[in-house]
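Please treat every number below as a calculation from the coordinates, not as lab data. None of the values given here were measured: they were computed from a predicted structure. Note that each Cβ is placed from the backbone with ideal geometry, even for glycine, and that neighbours are counted across all protein chains shown.
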Amino acid sequence: DSRRTLEIRIVPYGQDQQLLLARDISELHRLETMRQDFVANISHELRTPLTVLRGMSEQLSEMDDLGPEDLERPLVLMEQQIERMTRLVDDLLLLSRLETEAPSTPRSLINFNDMLEDLVEEARAMSSGAHVITLTVDHGLTVAGDEEELRSAFSNLLGNAVKYTESGGRIDVRWFEAAGGACLTVADTGRGIPLHHLPRLTERFYRVDSGRASRNGGTGLGLAIVKHVLSRHSARLEVTSEVGEGSTFSAIFPVYERLDEASGVMKTGQH
Ligand code: ADP
């Protein structure tokens, strides 16, 4: 978008002259629009579960002689909506922390092996056996950072792979050393993402298919969180995808360390 927004002011100059001052406020204007969109999106996302909850409670209060069996279904639906709101608020708080707080120091070396095993277990539980999920780890490879942040970023990538891959699909998680640095890839055989969506994927609340995405419970903030966590670790996110074939999300850490298991000596890798 090449349009510019200018702020024009006319100020007195000397005795009988005026000066026209123009200031380029395009960036301010863009940020303000983004902020307004964000607030509108949050309000919309919170309103949806609230509307369902209000409807259910009205329905229940109008029913006479409620038995336990009448309550079963409404309670499940209400719980789902409360969970959805909780996820949204948790993600918003995390995102705001990532945006405003300085990265924690000192940073510890993270045991990727244990962390990824936990996350793959969680993903298997979430998929309830519907997907084949594999994990390949280079044991010596490690990064200094914030374990909790990295956990939530990788958990989002794995969760997405499960959500956007039909039953029977494969998800392969790999932690390895590549030319550009230490690399975590989450490759799925899911629905894929049309090319023109890729540049906007990490925007807050951006969804490829809004109808379907909100049905499967995503907050729309997952990849925004991933992007922030990675940039706090001097790492970057790359996505390749083909519609109907699957997607690969890669987190690339140019700065990492390798533990030589024989000598116990750390070597720093840098690209
Ligand atoms: P959501 O909570 O909607 O999953 P995210 O920020 O995690 O939000 O992802 C943004 C959008 O990117 C998703 O709504 C989905 O359309 C798309 N997406 C993310 N991961 C994948 C994937 N592995 N396969 C296909 N589409 C994906």
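Anyone know which of L184, L20, L116 comes out most mobile in the 10 Å Cα GNM of the chain?
L20
Given +1 on the Cβ of Lys and Arg, -1 on the Cβ of Asp and Glu, and no further charges, what dipole in debye does the chain carry about its Cα centre, rounded to the nearest 20?
1080
Ratio of alpha-carbon Rg to the 2.2 N^0.38 Å globular estimate for the stretch 13-159, to two decimals, please.
Normalised Cα radius of gyration, the stretch 13-159: 1.71.
Below 8 Å, C-alpha to C-alpha, sequence gap of six or more: please give me the relative contact order for the stretch 166-248 in percent.
It rounds to 34 percent for the stretch 166-248.
If you place +1 on the Cβ of every Lys and Arg and -1 on the Cβ of every Asp and Glu, how big does the dipole about the Cα centre of the stretch 35-104 come out, in debye to the nearest 20?
The dipole of the stretch 35-104 has a size of about 480 debye.
Tell me, what is the Rg over Rh of the chain, with Rh the Kirkwood radius over Cα pairs?
1.09
Using a Gaussian network for the chain with springs between C-alpha atoms less than 10 Å apart, which of these wobbles most: P106, P49, P12?
Maximum among the listed residues: P12.
If I build a Gaussian network model for the chain, linking alpha-carbon pairs within less than 10 angstrom, which residue out of I25, I225, I133 has the largest mean-square fluctuation?
I25
Using r as the Cβ-Cβ distance of S210 and E69, and R0 as 30 Å, what FRET efficiency do you calculate, to the nearest 0.05?
Efficiency, rounded to the nearest 0.05: 0.30.
How would H233, H196, H29, H228 line up from fewest to most surrounding beta-carbon atoms within 10 angstrom?
Fewest to most other Cβ atoms nearby, the residues stand as H196, H29, H228, H233.
Going toward the positive end of the dipole of the chain, with +1 on Lys and Arg Cβ and -1 on Asp and Glu Cβ, which of S2, M78, V239 do you reach last?
Positive-end residue among those listed: S2.
Taking the dipole about the Cα centre of the chain, with the C-beta of Lys and Arg at +1 and of Asp and Glu at -1, give me whichever of T202, T185, L221 is farthest to the positive side.
Going by the charge dipole, the pick is T202.
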